[in-house]
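Novice: Sharing a structure with you now.
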Amino acid sequence: MADESKQDQTEETQDEAVAETPAEAPATEETPAEEASDETPASASDEVAEDQAEPAATSEPEPDDTGSEAEDVGGGTPEDVVEEVLSAKERRKLDRSSAAGPAGPQRSLEERLGERAEGRRRNAANRSRYRKRQRDRGGESGTGTPPSDRGPGPKKVRQGKVVSTKADKTITVRIEVARRHPTYEKVVRRSATLHAHDATNQAQEGDTVRVVETRPLSRTKRWRLVEIVERAR
């Protein structure tokens, strides 16, 4: 009997323990801890976005210094630029025009021309006095450019064959020149005719003669017979 009562007590304690253990929550339901963890990052990201948006809205535009830099690069005021561009004569003219002083009387054209002529006469007199003083001091006068000792150069001499003696005291001479071509290395023959003066009509057709250039003797004669080198056969 005692054994049965102990067995009954053990069974009751097991049933109570099973009743006290809570039933497992279904897998689909979310726990409050997980809900809290899901809500926390969203709120944090919203706060970060607000913090970033506030400086952008409150930031003021920075001052633009391009104008001052351009002025520094430009190299000064416009007056300095004008002085650099103008020549010395134009700068003096600008200074005279900008100089402050009492205005002169109104003058006519004749008066201005008379004053200009008077100034030129005065300058000429000053130059004359200065040159006279220089001469009185015994200064050496300039010799100037020495004349060139250019004399008549050597006259051209040609040798050719007489081709005509029909005109009186005039012979026609053919000058033949044979030269090698500088590029093709071929002998090129050329000929030219000229009129020469023969005072005694001693040259005949076919003679080889030597002529020299001289002053113009006629419209076409610029040569004179020197000698007969070889008679025609």
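Novice: What pairs can you find where one residue is in the stretch 186-202 and part of a loop (DSSP other than H, G, I, E, B), the other is of a type in the set (Asp, Glu), and their Cβ atoms are less than 8 Å apart, with a gap of 6+ or different chains?
Specialist: That search, which allows pairs on different chains as well, returns Asn201/Asp168.
Novice: Looking only at the stretch 184-233, how many residues end up being under 12 Å from Thr172 (Cα atoms) and open to solvent by 90 Å² or more (accessible area, probe 1.4 Å)?
Specialist: Counting residues in the stretch 184-233 that are under 12 Å from Thr172 (Cα atoms) and open to solvent by 90 Å² or more (accessible area, probe 1.4 Å) gives 5.
Novice: Is it true that Arg150 is within 47 Å of the chain's Cα centre (by Cα), open to solvent by 100 Å² or more (accessible area, probe 1.4 Å) and modelled with pLDDT of 95 or more?
Specialist: Considered against the rule, which asks whether it is within 47 Å of the chain's Cα centre (by Cα), open to solvent by 100 Å² or more (accessible area, probe 1.4 Å) and modelled with pLDDT of 95 or more, Arg150 comes out as no.
Novice: Now for a separate question. Within the group Val226, Val209, Val188, which residue is more than 15 Å from Val163 (Cα to Cα) and more than 60 Å from the chain's Cα centre (by Cα)?
Specialist: Being more than 15 Å from Val163 (Cα to Cα) and more than 60 Å from the chain's Cα centre (by Cα) holds for just one of Val226, Val209, Val188, which is Val226.
Novice: Filter the stretch 72-89 down to residues that are modelled with pLDDT of 75 or more and open to solvent by 100 Å² or more (accessible area, probe 1.4 Å), then give me how many there are.
Specialist: 2
Novice: Mind listing just one residue for me: the one in the stretch 90-125 that is within 44 Å of the chain's Cα centre (by Cα) and outside any helix (DSSP H, G or I) and, of those, surrounded by the most Cβ atoms within 10 Å (Cβ to Cβ)?
Specialist: Among those residues, the one meeting the criterion is Ala99.
The values are calculated or read from the model by the stated rules, or taken from the named source; none is laboratory data. Since the model is a prediction, treat every value here as computed from it, not as a measurement. When we count neighbours, we look across all protein chains shown, and the Cβ atoms used for this are built from the backbone with ideal geometry, even at glycine. Side chains included, ligands, DNA and RNA excluded: accessible areas come from the protein's heavy atoms. Shrake-Rupley method; radii C 1.70, N 1.55, O 1.52, S 1.80 Å.
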